Every structure is written in structure tokens, then in C-alpha cells.
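Rule-based calculations on the coordinates, nothing more; no lab input. If you're wondering where the values come from, they're calculated on a predicted model, not measured in any experiment. Note that we place each Cβ from the backbone using ideal geometry, even for glycine, and neighbour counts take in every protein chain shown.
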Amino acid sequence: MDQAGPAGFSKPKLKVSANKRPDSLKLELLSIPENTFVNRFANGNETSKLVNVGFRNISYNVTEGVFRKKNRVILDRISGDFTGGELTAIMGPSGSGKSILLNILAGYTTKGVEGDKLVNDQLRNEAVFRRRSCYIMQDDDLQPLLTVSEAMSIAASLKMTSKYTQMEKKSRIRDILDSMGLWHHRKTRTSALSGGEKKRLSVALELLKNPDIMFFDEPTSGLDSVASKQCVLLLKQMAISGKTIICSIHQPSAPIFEIFDHLYLIGNTKCLYQGSVKGVLPYLEQCDLKCPTYHNPADYLLEVASGEYGDYAGILAEKSENGMNPEWRKTQRSSLQMESLEHIGRLMQSGIMTPVRAPPIFFSRTPICDKSFNYSYMHNYRGSYPASFLTQLTVLIRRTFLIITRDRTLTLSRFATHITIALFIGFLYFGIGVDASNMTNNSNYMFFSEMFLMMTAFNSVLTTFPSELPIITREHFNKWYSLKSYYLAISIADIPVQMAATTCYGLLTYFMTQQPIEGYRIGLFLLMCMLIAVVSQSFGLLIGATMSLNSGVIFGPFCFLPFTIFSGFFVQLNSSHPAFRWIFHVSFLKYGFEGLLLSVLGYDREKLPCDIEDYCHYTSPKRFLSDLDMEYSTYSLAVIFLVGLSVVLRLVAFVALNFKVKNSRQHR
């Protein structure tokens, strides 16, 4: 009698077979011939469209220690072949190097790698290979403030060339989201998606490019058993469509393990097995390693590779010829694998599992002329990226501005802070601008304004690179856009917001402190406030590109101390020791302070009235500027210095970002 399943559905009856393992009985279904998959590609020249990934004698070492450095071997001259149209699993104990191997094959890690990487038995061209492949990493690094539809639309604009119309792009997005079961979540922000939905969205974003080869690092990490089955099923269906699907996986359950077509086992720096999943247990039995009846084969493999049953690593590596022995490789799917696929499909139709399926519509493939995998067919767009630099810049500015406006902490808090502090300072220094007795207080107001604008602008961009580095690394590696277009986009997109907030502060304090109501002075004052903010933003970009978030928060403000001390407020140039005077000439706060005072007190401003009966020493603005060593200072020099410093800092920040992205790939 059938037992009731979840949500009122009855469980399908399981057909028990005597020669099946007990942990496989959950997947019993109608038998399907083993050559079903082979026949699918036997007609015409479909097999010529498959892309096979191979590697020969791959080695990778890391250096450990500080004083006594020594090399530790991670991979030792391993070889292998991953066939197109198959779902391949790279397995091994923790620290065995499976993720490193995946990084190497994907082209993510290049430094310190020895050996040959092949495509269809020929040395591959790395630049072109990356155009037709993608790497979906373990962490689902997505823009949290974008909706699913917005993320797909932006990705389509970057990844689909201009030959596709907007209607074709929208149709493609609809097909993929519908296939992934995400269409009903298209208006949901990515931060509100579940783990499985984020994983499917990560796949959907890359499918817009229709890659031939897809790499997945721990695709089931963080997912429950049902979501893991859905995820692996999706990979299986994409493999059946003719793609080369390669993923690392740590410890799959028995049902998930048997869905894979090909297994590559790593242990003790060597390849211990390469072949079909169906053949792995007979392979181990030839070495007197028999899996217990009720034991998960995947768990047993990891135990063997870890040495729990003795040191068999050398024997298995020799038997597999370190990945070169093709004896255990099968070109057919086992009936059990096909049955498991049908079984999960029926569960989806019944409503027990969320329906997901491989996208039914793929871009047309350009045929490969011969086995050598001539890369000339891949040049379906000019340059290194599908979209032009101008298109990348436009799309990224739109995306960055959208994120900034939705980030309440970054945007609304910035405006609230500027307006609140402006009102406080305005009431504190109310009316000081028209009285000679308050000349010192007026100077204090200018210096405080400079310091406030500096710190707020600096902090607003300090977290940009550290928080987005994983997203930048993934998208840039998968050929979404160039780093220069991304960097220019974030630099441009944040400027209007910062300028608007700076203008609010400048106008409120300027009029409340009753500075001279002259149009050119107001313009000069606001311009200097904006230049101070831009330079501070540039420092924030530089610190963010060179340090982690925690280090930047601590050491970033520390970098401003020399500029603050030698700004001309605490000590003047002529009063300082000659050995330190050069610092005044490189302190951007000195030039900013001079610019603010000159905009209000310079340009032959007339004497100020003295509202007290006693003597006012600074009725003449020139005398006050002279006492601050600003008698010969010019506003234009301050503008030139601040603009030039901002350009230099942003160029250095871009170089630092480029280095940091590449360095993060090597140390992943």
C-alpha cells in the first residue's frame, strides 16, 4: 500500500532488484537502454560539436613557511580527459587539491602551474577558451540589491552581442528563467532568494552566453538534500544537451553520486581513479577494497583516499596510471543513471520537487571543422568581450547607480548626515561671516568643513572594492566586462550622489554662517568643497583596492594624519621646522583649506565691520590671510593640485585593483 508523501502526494512504488545496492533502491524506475545517450549523438555530426577537456602531467606546488620556506606538492603530474556531453565529478578528501585542479582547468589559476591543458586533444588557446567557458564558484556572489530580472537584463546587455535585438534578449531571459523555475521570482531581490535559487540564478546568468564548457566548484555546498538533487539534475540535463560539465564535489549522497557520469578521484597528490561511476566499485574490488553493503560509495571512496583502510594511494595511482588508464572509462550512461534522472523528473511533475530543467532553447552552435578544435569559429565577436567598451561602461554605470540609490545606508544616510551636521554647524557658527571679531571662528568653520567632507567622502567608498571583490573577480573572469570599464563606472556613478550631498552641506552652512552673498564666491566655495570630496573619494578607492575592509577602516584614517597636521591650521608653514616644510606642499588638506578661505576672504574683499567696542585685529581679510601664510596663495593652484592629485590617486587605485583581482585568483 502506498504511503502518503509530502503535500498529500503518494510515493511512487519502488521496484526492488536483487542485484542493486540497497542505497540505490530509492532511484528504481523503468529500465532504459544504456546506449540511449550515445544514440542521441550518433546521428549526423552531433559528436563533432562536443568539446573535450583534457590535461597532461599537471603539477602544482605551494610555498609554505616564513623563514624556512619549503615547497608542498598539491598535484603531482596528473592527467585526465573529460568528455563533452558528460557530467564529471572531481572528488577527493579535504585538501587533496580538487578545487585547485578545477581552478587550473578553468584557467582561474595560472601561476605556478606546470603541464599541458588540452581541448579536443590539442593545446588550447587560453583567451579563446575562456570566451566559450564559464566558472561558477562555490559562493553565490550576486548583487544583493538587484532583482532577478534586473540581474539577468544587465548580464544579457554585457554577454549577448549587439546582433541580438532587445526582443530576442528578453525572450532569451524569459526562456532561461522559466527553465530554471525563477520566472515567478523575477521581481525578487537576489538577497531574498534561497540558497538553491541563488545557485540556479548563478547558472542562469552564465547560460546567457551559452558556453560549451561549464565549471562548478562545490555546486551543492550549503544546499539541503532536495535542493542538491535539483542542482545536480540541472547539471545532468545540461550535459545531456551536449555541454561539458565539470564540477568538484566533496561528499555527495548515494543518489546524487550515481547521477554523475564520470568520476575523477584525487588523493595524496595523485589520480586514484578516472572512469565511470558505475565502474568504481569493481575497480576498488580488484585492489581488495570491497565497499560494505549499506555504505555510501562516495563516503567509502573518501575513506580509501584518506588512508583509513591502509595506504592504497600508491597502488591506485599506479593502477590508474595517474589518470592515463582509459580501461575504466565508459562512453555510455548506466541504466541506473538514466533511471534516476527519470525518477526525479517524475517527482517534479508530481509537485514534490521544484521543477527545474535545462533551458530548451540554446543559441545556434557553429560547427567545428575538425578534431583540432579550430578556434577561429569562436570569434563571434571582436575583442576580448562580447560588448564594446562604451556599452560596458553605460550598462555598468546604470547598474552601479541603481545599487547606490537603493542602498539606504550608503545614500540616505549620507544625505541625512550632511544635512544634520550642516544644520548643527550653521546654528553653532550662525552669522560669523560678517563680523571681524569672529574671523578665527570663521577659520575654524572652514577647517571643520574640510575635515567633515574628507571623512564622509572617504568612508562612502572605502567598502566598495573589499565588499565587491568576489563579484568583480567572478564577472571579470567570465568575460562580462573589463576592469577599466568597471572601475570607470563606479568612479562616475558615485560622483553625482557625493556632489549632491556636498552641495547640501555647503549651501546650508554658507548661508547660515552669513558668508558674502556674491555669486562667484558661492561658486568658488562649492567647487572647493567638491574637489576636497573627490580627492577624499580617490583616497578611499586606493585604500579599498589595497587593503581589506578591516584594515582599511583602521589604517585609512591614519593616512590622513600627516596631511591634517601640515594643513596650515595647527601650524603654519613659516613657523615649522625647515625639515618638515616640504610636507606642506604635498598636503591636499593645505590646498583645500587655502581654497576655502580664499573663496570667502580673498579677491580683494573689503574690510569687515567690528561689532564690539574694543579693537578688532582682523578687520582686513588680507592681514588674516597673511598671518596664516596664505598671502601669496592662489585659488587656481589649489584647484590644479587637487585635480591632479585626484587623477593620480585614481590611476594608482586602478593598478592596485587590477593586481588585487589577479592576486585573489592565485590565492583562492
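To the nearest Å, what is the center-to-center distance of region 100-116 and region 408-453, using C-alpha atoms only? Rounded to whole Å, the Cα centres lie 55 Å apart.
Student exercise: in region 389-666, how many lysine pairs 8 or more apart or on different chains have Cα atoms under 20 Å apart? Spell out each step's value before the answer.
Details: Lys479/Lys660; Lys479/Lys662; Lys484/Lys660; Lys484/Lys662; Lys590/Lys622; Lys607/Lys622.
Summing the qualifying lysine pairs gives 6.
In terms of other Cβ atoms within 10 Å, Trp183, Trp480 run from fewest to most in the order Trp183, Trp480.
Among rounded, prolate and oblate, which fits region 389-666 when a ≥ b ≥ c are the square roots of the eigenvalues of its C-alpha gyration tensor, a/c under 1.5 means rounded, and a/b larger than b/c means prolate?
Values: a/c = 2.55, a/b = 1.87, b/c = 1.36.
In terms of gyration-tensor shape, prolate.
Cα centroids of region 202-246 and region 167-181: 17 Å apart.
By count of other Cβ within 10 Å, fewest leading, how are Thr190, Thr409 ordered? Could you put the intermediate results ahead of the total?
Working: Thr190 20, Thr409 8.
Least to most surrounded, the residues fall as Thr409, Thr190.
For region 89-120, the residues whose amide N sits under 12 Å from a probe point set 7 Å from the Cα of Lys662 along the beta carbon direction are 110-111. The calculated FRET efficiency for Asp288 paired with Thr110, based on their beta-carbon distance and R0 = 45 Å, is about 0.65. Region 569-636 and region 512-564 have their alpha-carbon centroids 20 Å apart.
Could you line up Asp611, Asp604, Asp217 from fewest to most neighbouring Cβ atoms inside 10 Å? Spell out each step's value before the answer.
On the way: Asp611 12, Asp604 6, Asp217 22.
Ascending Cβ contact count within 10 Å gives the list Asp604, Asp611, Asp217.
Among 421-427, 314-320, how do they line up from the highest to the lowest mean number of other beta-carbon atoms within 10 Å?
Working: 421-427: 16.0, 314-320: 17.9.
Ranking, from highest mean packing down: 314-320, 421-427.
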